[in-house]
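**Q** I have a structure I would like to understand better, so I am pasting it below and will then ask my questions one at a time.
The values are calculated or read from the model by the stated rules, or taken from the named source; none is laboratory data. Remember, predicted model here, so these are calculated numbers, not experimental data. For neighbour counting, all protein chains shown are included, and Cβ atoms are generated from backbone atoms with ideal geometry for every residue, glycine included. Remember, those area values only see protein heavy atoms, side chains included, never the ligands or the DNA or RNA. Shrake-Rupley method; radii C 1.70, N 1.55, O 1.52, S 1.80 Å.
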Amino acid sequence: MTNAEIASIFDHVADLLEYQGSNVFRVRAYRNAARLVQGIVEPLTSIRDASDRSFLELDGIGKDLAQKLETLLDSGQLPMLKQLEEEVPKVVFDLMRVPGLGPKKVKLLMASLELESLKDLEVACQEGRVSLLKGFGEKTEQSILSNIAFAQNPDNSRLLWDEADQIVCLLIQWMKECPAVQRIEAAGSWRRGRETVGDIDLLVESRKPNEVMDHFLAWEHTDHSIVRGDTKTSIRGPHGIQVDMRVVEKKSFGAAWQYFTGSKEHNIRLRSRAKKLGLSINEYGVTELNQTDGKILAGKSEKDIYKAVGLDWIPPELREDRGEFELSENGELPKLITLTDICGDLHMHTTATDGEATLAEMAAAAVDRGLSYIAITDHSKRVTMARGLDAKRLYEQWEEIDCLNESLARDGSPSLVVLKGIEVDILEKGGLDLPDDVLSHADWVVASLHYGQQQSQEQITDRLLDAICHPYVNCIGHPTGRLINRRPAYKVDLQRVIDAAAENTTCLEINANPWRLDLDDHLSAAAKEAGVKLAISTDAHTTTGLDVMRCGILQARRAGLEAGDVVNTRPLSALKEILQKT
Ligand code: DGT
Ligand code: CA
Ligand code: CA
Ligand code: ZN
């Protein structure tokens with residue numbers, strides 16, 4: 001069982017408990033545990049298997065949850081969940097997957113309408129029966145209808161990249177134990193760093209395909225096999241995801257890796273380019289178009305394949321047929337940003353609001369990750385659910401930060417600098433949640449929109465534009481508000497947002513949380529084009545939450561960003577210069 005699967009089980013438990021009206025602290029414990037486990041990159045099995053470690057070392061995991069983790073890892077099941085599933089009608093799960101329908105609303109709907117399926121709710125909305133219910137106007141009814149369509153769209157049931165990555169890592173580790181495997185690499189959308197992955201594609205170099213297939217089918221997470229062939233075998237693995245494994249010979253490895261990395265659009269362009277040069281490209285290699293002897297001109301490495309058609313090797317993240325061929329041909333491919341370019345992280349939370357680690361713990365975790373600065377950006381008071389900070393509590397936190405910086409400096413170099421920040425809410429009626437004179441004392445201000453997400457495009461765009469033009473706002477957090485597979489973006493004119501950000505030297509965020517990843521690749525590329533500086537930030541709520549930076553980096557690479565396009569690649573002194581707004 002992977003970490004992501006465990007996280008989704010805990011989330012599910014939290015939903016069901018909340019639906020049943022269970023104690024809020026109990027619900028919260030499961031939600032927090034889900035978020036914690038989701039953020040841990042190391043497989044939990046390795047904590048279980050280490051004799052000197054225990055789950056209790058994880059913040060927020062007490063005896064009860066530790067026991068549940070053991071049970072889940074040992075049996076793949078949770079008796080408590082089984083019981084909950086018996087108590088709660090099945091349709092409730094489907095209803096809760098509709099964005100905007102939380103346990104409370106679902107309860108109301110269940111109590112007033114006879115619902116046995118999502119379809120029943122759709123019909124009830126179409127017949128106007130939902131808008132008659134207390135607390136559900138016509139607007140809500142319309143938004144439920146469009147969100148049902150969102151929930152039913154198969155594009156919204158793909159795995160997050162991060163979830164797929166956990167499976168890829170486990171599988172590669174397992175396959176390497178097979179002596180017949182000479183080399184193994186992952187391909188497909190995972191390798192291109194797409195935010196979601198439909199199925200996983202693996203490529204093995206071996207002269208003994210049969211032994212490789214046997215080993216693959218014996219993987220502990222193999223649910224069942226779909227097809228077994230001589231060169232390709234497919235299984236269903238964790239989360240029901242399909243994994244395709246292909247075995248090729250050494251002389252074709254590069255060609256196959258290129259072919260199965262895709263994208264399909266990129267490959268079509270590549271093949272037609274080859275054709276014009278009198279060549280043919282397939283998964284075995286490059287050959288002369290009209291030659292029947294089948295002599296392979298290139299195939300061993302990807303570099304050879306691209307070279308054969310007069311191109312520089314193209315990084316997988318750019319292989320979407322969005323202009324990469326022209327860049328490659330002219331030797332103008334960008335030098336894509338990497339994780340090692342990152343010097344700081346400019347969005348994170350602590351126990352002062354809804355984070356799970358203290359200020360000092362976050363700072364220590366940042367030092368461990370080699371960062372040279374972080375900004376603490378807890379929520380402002382409007383976010384009551386997270387006990388957001390008012391001016392008084394913010395100033396108290398900043399005093400704490402002063403002390404911490406002093407003691408960090410005393411500890412000697414290389415040291416970390418903690419910036420005094422805030423994630424200030426952009427209010428429903430417009431304006432910011434804290435007075436200007438408070439914001440003027442911050443080192444770094446992120447402004448984000450959490451409430452009033454159902455407003456019209458004009459309203460939301462205006463709210464964001466106001467924040468962008470505000471003299472003390474440095475960055476707009478998660479600028480579209482979408483949650484992948486869960487909630488669509490709010491309606492907003494992003495071109496105006498991007499243009500205003502460029503004009504006001506306000507940064508836009510690429511939120512590295514694998515559920516968010518907004519701005520996405522297209523929008524980040526548009527922002528770069530307009531001259532906007534981006535900040536890639538983790539929005540961490542736990543210490544391990546800092547590790548999602550790599551997901552943000554992938555999204556940035558897909559947008560063609562270089563280190564220079566991203567503010568938190570600068571050393572602190574250079575960052576401060578950029579922050580001097582005109
Ligand atoms: P996904 O799995 O939906 O997230 O996206 P991909 O890009 O991993 O797509 P997938 O798994 O269907 O195929 C892997 C790569 O194989 C794809 O990016 C391009 C390559 N490919 C080339 N020609 C074809 C073809 O005719 N059919 C399929 N299925 N794949 C092809
Ligand atoms: Ca795939
Ligand atoms: Ca596939
Ligand atoms: Zn945040």
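**Q** Can you work out the Karplus-derived ³J(HN,Hα) for every residue in region 43-49? Use 6.51 cos²θ - 1.76 cosθ + 1.60 with θ = phi - 60°, whole Hz, and x for glycine or proline.
**A** x, 4, 4, 6, 6, 4, 7
**Q** Restricted to Cα positions, what overall size does region 431-582 have along the principal axes? Three whole-Å values, descending.
**A** Largest to smallest, the principal-axis extents are 39, 34, 33 Å.
**Q** Run through region 40-114 and list the trypsin sites (Lys or Arg not before Pro) located in a DSSP loop whose Cβ has at most 12 other Cβ atoms within 10 Å.
**A** Working: sites: R48, R53, K63, K68, K82, K90, R97, K104, K105, K107; in loops: R53, R97.
Here the trypsin sites (Lys or Arg not before Pro) that fit, given the DSSP loop and packing criteria, are R53.
**Q** Next question, about the same structure. Quick one: divide the alpha-carbon radius of gyration of the chain by 2.2 N^0.38 Å and tell me what you get.
**A** Here the Cα radius of gyration is 1.03 times the empirical estimate.
**Q** Okay, next question. Post the alpha-carbon centroid distance, region 1-54 to region 299-334, in whole angstrom.
**A** Taking the Cα centre of region 299-334 as reference, the centre of region 1-54 is 42 Å away.
**Q** A follow-up question, please. At a 4.7 angstrom Cβ threshold, list every cysteine in the chain that has nobody to pair with, or say none.
**A** For the chain, the answer is C125, C169, C178, C343, C403, C469, C551, because their Cβ atoms have no other cysteine Cβ under 4.7 Å.
**Q** If you don't mind, there's one more thing I want to ask. Under a 1.4 Å probe, what is the accessible area of the chain per residue, stated in Å²?
**A** Values: 26130 Å² over 582 residues.
On a per-residue basis, 45 Å².
**Q** With a 1.4 Å probe and all protein chains left in place, how much of the accessible area of region 236-342 comes from carbon and sulfur atoms, in whole percent?
**A** On the way: 2650 of 5450 Å².
Roughly 49 percent, rounded to a whole number.
**Q** Check region 339-578 and count each lysine pair with an alpha-carbon distance under 17 angstrom, considering only pairs eight or more places apart or from different chains. Can you show the working numbers first?
**A** Values: K381/K392; K381/K420; K381/K429; K392/K420; K420/K576; K429/K491; K533/K576.
So the count of such lysine pairs works out to 7.
**Q** Identify the GluC sites (Glu not before Pro) of region 218-283 meeting these criteria: DSSP loop state and at most 11 other C-beta atoms within 10 Å of the C-beta. Could the numbers behind the result be given before it?
**A** Details: sites: E220, E249, E265, E283; in loops: E220, E249, E283.
Of the GluC sites (Glu not before Pro), the ones in loops of region 218-283 whose Cβ has at most 11 other Cβ atoms within 10 Å are E220.
**Q** May I ask you to give the percent of accessible area on region 3-156 that is carbon plus sulfur, with a probe radius of 1.4 Å? Don't skip to the answer; put the middle values down first.
**A** Details: 4120 of 8120 Å².
In region 3-156, the share of accessible area belonging to carbon and sulfur is 51 percent.
**Q** Placing +1 at every Lys and Arg Cβ and -1 at every Asp and Glu Cβ, with all other atoms neutral, what dipole size does the chain have around its Cα centre, in debye to the nearest 20? Don't jump to the answer; show the numbers that get you there.
**A** On the way: 69 positive and 91 negative charges, 227 e Å.
That gives the chain a dipole magnitude of about 1080 debye.
**Q** Mind giving me the FRET efficiency for E177 and D64? R0 is 35 Å, r the Cβ-Cβ distance, nearest 0.05 is fine. Can you show the working numbers first?
**A** Working: r = 35 Å, r/R0 = 0.99.
Plugging the Cβ-Cβ distance into 1/(1 + (r/R0)^6) gives 0.50.
**Q** Of W219, W515, which has the most accessible area with a 1.4 Å probe, and how do the rest follow in descending order?
**A** Values: W219 15, W515 50 Å².
Descending order: W515, W219.
**Q** Radius of gyration and Dmax for region 261-333's Cα atoms, expressed in Å?
**A** Answer for region 261-333, Rg first and Dmax second: 11.8, 36 Å.
**Q** Tell me which lysines have Cα within less than 26 Å of K176's Cα, excluding those fewer than 8 residues away on the same chain?
**A** List returned: K208, K232, K250, K251, K300, K303.
**Q** Considering lysine pairs in region 1-110 that are 8 or more places apart or on different chains, how many have Cα atoms under 23 Å apart? Intermediate results must be reported in sequence, preceding the final value.
**A** Numbers: K63/K82; K68/K82; K82/K90; K82/K104; K82/K107; K90/K104; K90/K105; K90/K107.
Final tally of qualifying lysine pairs is 8.
**Q** Continuing with the same structure: Taking 51 Å as R0, compute the FRET efficiency from the Cβ-Cβ separation of Q291 and E220 and round it to 0.05.
**A** Working: r = 46 Å, r/R0 = 0.91.
Between Q291 and E220 the formula returns 0.65.
**Q** Hey, how many Å between the Cα centroid of region 162-241 and the Cα centroid of region 449-490?
**A** Their Cα centres are 40 Å away from one another.
**Q** To continue, here is another question. Given +1 on the Cβ of Lys and Arg, -1 on the Cβ of Asp and Glu, and no further charges, what dipole in debye does region 3-156 carry about its Cα centre, rounded to the nearest 20? Kindly include the intermediate steps, with their values, before the conclusion.
**A** Working: 18 positive and 24 negative charges, 108 e Å.
Using Cβ point charges on Lys, Arg, Asp and Glu, region 3-156 gives about 520 debye.
**Q** Oh, and also: What distance in nm separates the two pseudo spin-label positions at D312 and E249, each 7 Å out from Cα along the beta-carbon direction?
**A** 3.4 nm
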